Amino acid sequence: MTTTSPTPAATTPTYRLWKKTTRLPFGSRLFSAAVSLKAPFFGSSLPHVVELRPGRCVVRGPGWWGNRNHIGTFHAIAACNLAEMAMGVLAEATVPTTHRWIPVGMNVRYPAMSTGGMTVTAEWEQLPDFDVITTGENIEVPLKFVDDAGVEPVVGAITIRVSPKKKR
């Protein structure tokens with residue numbers, strides 16, 4: 001995987017919307033609400049996209065009762081929901097409009113209990129070279145989960161399949 005210029009990603013509708021809304025008061029909250037309207041299940045964890053740039057998305061979920069399990073810790077599936085949103089927004093802001101993507105797998109482990117809210121970062125240290133993807137390629141999106149106490153209660157990654165859009 002080689003690095004490409006972030007220029008193609010800067011032209012994605014999602015990244016343009018982020019740049020536009022974050023100029024407004026509460027713009028990142030407006031952006032997060034718009035994403036949750038497009039993919040309603042994300043709204044169940046009250047996500048807030050706090051950072052977005054090509055190759056990186058950070059999403060925060062509060063430690064409210066709806067994100068808690070029966071023992072009072074951050075629910076694993078609520079954490080996975082935040083991870084799906086972080087990965088999806090990263091992909092929408094990074095994968096050029098000449099290509100499409102779809103998640104094909106998630107691998108997570110729960111090595112520790114969590115307290116408070118949760119922040120999930122989806123990040124490619126190097127952007128894939130989308131120009132060389134001509135038939136489809138599985139690409140892993142690494143995830144970092146950190147709770148309010150600084151603990152990493154979840155470890156994981158999501159794999160997406162990236163392929164060129166079909167010519168019409």
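The values are calculated or read from the model by the stated rules, or taken from the named source; none is laboratory data. Only a predicted model underlies this, so the values are computations on that prediction, with no experimental measurement involved. When we count neighbours, we look across all protein chains shown, and the Cβ atoms used for this are built from the backbone with ideal geometry, even at glycine.
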Consider only pairs whose beta carbons are under 9 Å apart and that are at least six residues apart or on different chains; among these, list those whose first residue lies in the stretch 59-80 and is without any contact (Cβ under 8 Å) to a residue 12 or more places away in the chain and whose second residue is of a type in the set (D, E, K, R) and outside any loop (DSSP other than H, G, I, E, B).
His75/Arg68
Out of curiosity, is Ile139 in a strand (DSSP E or B) and surrounded by fewer than 14 Cβ atoms within 10 Å (Cβ to Cβ)?
no
All positions within the stretch 15-61 that are of a type in the set (Lys, Arg) and closer than 21 Å to Glu123 by Cα:
Arg16, Lys19, Arg29, Arg53, Arg56, Arg60
Total residues in the stretch 58-98, condition farther than 14 Å from Ser44 by Cα and in contact with a strand residue (DSSP E or B) (Cβ under 9 Å, 6 or more places away or on another chain):
13
Just name the residue that is farthest from the chain's Cα centre (by Cα) out of those in the stretch 65-116 that are β-branched (Val, Ile, Thr) and farther than 16 Å from Asn138 by Cα.
Ile71
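Taking the conditions exactly as written (of a type in the set (Gly, Ala, Ser) and in contact with a Leu (Cβ under 6 Å, 6 or more places away or on another chain)), does Ala83 satisfy them or not?
The answer is yes for Ala83.
Considering only residues that are of a type outside the set (A, V, I, L, M, F, W, C) and in a helix (DSSP H, G or I), look in the stretch 9-25 and name the one that is nearest to Asp131 (Cα to Cα).
Step one: list which residues in the stretch 9-25 are of a type outside the set (A, V, I, L, M, F, W, C), which gives 11-16, 19-23, 25.
Those left that are additionally in a helix (DSSP H, G or I): 11, 13-16, 19-21.
On the way: Thr11: 15, Pro13: 19, Thr14: 20, Tyr15: 19, Arg16: 21, Lys19: 25, Lys20: 27, Thr21: 29 Å.
Across the stretch 9-25, the extreme among qualifying residues is Thr11.
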I'd like to know if the stretch 26-47 contains one or more residues that are among the charged types (D, E, K, R) and not in a helix (DSSP H, G or I).
no
With respect to Asp131, is the statement that it is charged (D, E, K, R) and at pLDDT below 95 true?
yes
Restricting to the stretch 59-108, give me the number of residues that are surrounded by fewer than 22 Cβ atoms within 10 Å (Cβ to Cβ), in a strand (DSSP E or B) and of a type in the set (A, V, I, L, M).
4
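Is it the case that Ala33 is at pLDDT 95 or above, surrounded by fewer than 18 Cβ atoms within 10 Å (Cβ to Cβ) and among the aliphatic types (A, V, I, L, M)? Before you say what the answer is, go through the steps one by one.
Working: at pLDDT 95 or above: yes; surrounded by fewer than 18 Cβ atoms within 10 Å (Cβ to Cβ): yes; among the aliphatic types (A, V, I, L, M): yes.
The answer is yes for Ala33.
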(1) modelled with pLDDT of 95 or more; (2) touching a Leu at 6+ places or on another chain (Cβ under 7 Å): which one isn't true of Trp64, the others all being true?
(1)
Could you list, in sequence order, the residues of the stretch 109-122 that are assigned to a strand (DSSP E or B) and surrounded by 17 or more Cβ atoms within 10 Å (Cβ to Cβ)?
Met118, Thr119, Val120, Thr121, Ala122
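Select from the stretch 149-168 the residues that are in a strand (DSSP E or B) and of a type in the set (Gly, Ala, Ser) and write down the one among them that is surrounded by the fewest Cβ atoms within 10 Å (Cβ to Cβ). Show your work before the answer.
Going residue by residue through the stretch 149-168, those that are in a strand (DSSP E or B) are 155-164.
Applying the additional criterion that residues be of a type in the set (Gly, Ala, Ser) yields 156-157, 163.
Values: Gly156: 19, Ala157: 16, Ser163: 14.
Step by step, filter the stretch 149-168, then rank; the result is Ser163.
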